[in-house]
């Protein structure tokens, strides 16, 4: 072994020993940010991404086996991409080369690869982690390819952008892509409680949260773990002493560090939901002016405009329904405008969608029809698919009568096989959806009347005239 290799190996062993001591030490770097102090040291401490890290899921299986391959971690900020890469390095006993794409170039990549080559000669693995990898251009991304290919490095890239558009196909072909998701509200709450009770967190502060503070921090963070911990840490510096020796964190303190008014979270969140309820009822009640007022109240109180956009999408399917199917697209467009051009134009786009939905014809007939269909699916989920509706991809299935007697709609006038049934026999005659006499549903109503007339005049029916199964029509 050369002198350089000996120095490198000794350096690596020292790093490993330092990491081990750091993990086992009770000393906490009080100057490190809370998000850094709480960085998970094991998969058991990791919060979120259960679709990838739950028992039996792909990444959890790899971690349990102590193996790792090159991958791209795609997800929004603050969801644990860097932490996950470091956990993989730990279980694989690999040296980590972190390369920030924002400040690095091809020379930095070559230097990192050179060090990895020297480690490889000494039997030491290297994991190269590139944050914001989408910021690298084609030549910078290409610089990794031969070294991923020959096993010199294990490559993990983190990106907030769609890899299909921001990364080279050559790099994508050598790395698996995993999609990370924002933390759910329950996961955010778990992280918040961990921060308040952990020795590495704020346990020594002995913090008490006033009513509404927990929900305010969770909603402000919107699934971003780093932002949640930053808000909590900054607000904790403002915490006031109480008579019982604790410190209390109020909404005003959280609002001060977040730069927003948080009156929406007073009374444990009741005021917030009252505003949303008033907004929804105004749109449902076809009162555009009142809807705009409540929307403005939500904004002035520091509410999230995209929460209103989500509620409008619910209104579009629940209250407007098929009376005006365009409402869904209008609401989606408003959301898209907000995310593309920012709050000033985006809030106005949501206001436009608000007025559109308020003045659109209303019908909840699809909403109730779907609920009844789901109820039947739950109660009668064991009914067999009629044999004539089944596919027959094999000769055996065809010999067994699969698809025999199926009437292909396009072979009949108007592309409609009158008298056919697509229900299990037990549910023949069931009717969930009844179009209203409003908006587009007038057209749907006429179409249904036409189809029913065709059915009544058809001599070759699947079932006799008047035959019904065990279910009756919902009216």
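The values are calculated or read from the model by the stated rules, or taken from the named source; none is laboratory data. If you're wondering where the values come from, they're calculated on a predicted model, not measured in any experiment. Note: ideal-geometry Cβ built from the backbone for every residue, glycine included; neighbour counts use all protein chains shown.
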Cβ-Cβ under 7 Å pairs, at least 6 apart or on other chains, region 382-402 side in the same structural domain as residue 417 (by TED's automatic domain parsing) and over 16 Å from residue 427 (Cβ atoms), far side modelled with pLDDT of 90 or more and part of a helix (DSSP H, G or I): 401/387; 402/387
Residue 12 part of a helix (DSSP H, G or I), in contact with a strand residue (DSSP E or B) (Cβ under 9 Å, 6 or more places away or on another chain) and at pLDDT below 90: yes
Among the residues listed as 346, 381, the single one being farther than 18 Å from residue 294 by Cα and either surrounded by 18 or more Cβ atoms within 10 Å (Cβ to Cβ) or at pLDDT below 95 (or both): 381
Test: residue 346 is part of a helix (DSSP H, G or I) and more than 30 Å from residue 424 (Cβ to Cβ): yes
Odd one out for residue 393, checked against (1) at pLDDT below 90; (2) assigned to a helix (DSSP H, G or I): (2)
Residue match in region 93-109 (condition: in contact (Cβ under 8 Å) with a residue 12 or more places away in the chain, over 21 Å from residue 137 (Cβ atoms) and out of contact with any strand residue (DSSP E or B) (no Cβ under 7 Å at 6 or more places or on another chain)): yes
Filter pass, residue 429 being within 23 Å of residue 366 (Cα to Cα) and either at pLDDT below 90 or in the same structural domain as residue 327 (by TED's automatic domain parsing) (or both): yes
Index of the failed condition, residue 341 passing every other in (1) surrounded by fewer than 21 Cβ atoms within 10 Å (Cβ to Cβ); (2) closer than 28 Å to residue 445 by Cα: (2)
Qualifying residue in region 365-376 (condition: touching a helix residue (DSSP H, G or I) at 6+ places or on another chain (Cβ under 7 Å) and not in a helix (DSSP H, G or I)): no
Qualifying residue in region 418-432 (condition: without any contact (Cβ under 8 Å) to a residue 12 or more places away in the chain and either more than 34 Å from the chain's Cα centre (by Cα) or crowded, with 16+ Cβ neighbours inside 10 Å (or both)): no
Of all residues in region 197-215 being assigned to a loop (DSSP other than H, G, I, E, B) and buried (at least 16 other Cβ atoms within 10 Å of the Cβ), the one that is modelled with the lowest pLDDT: 212
Scan of region 227-248 for residues that are buried (at least 19 other Cβ atoms within 10 Å of the Cβ) and part of a helix (DSSP H, G or I), ordered by number: 228, 229, 231, 232, 233, 235, 236
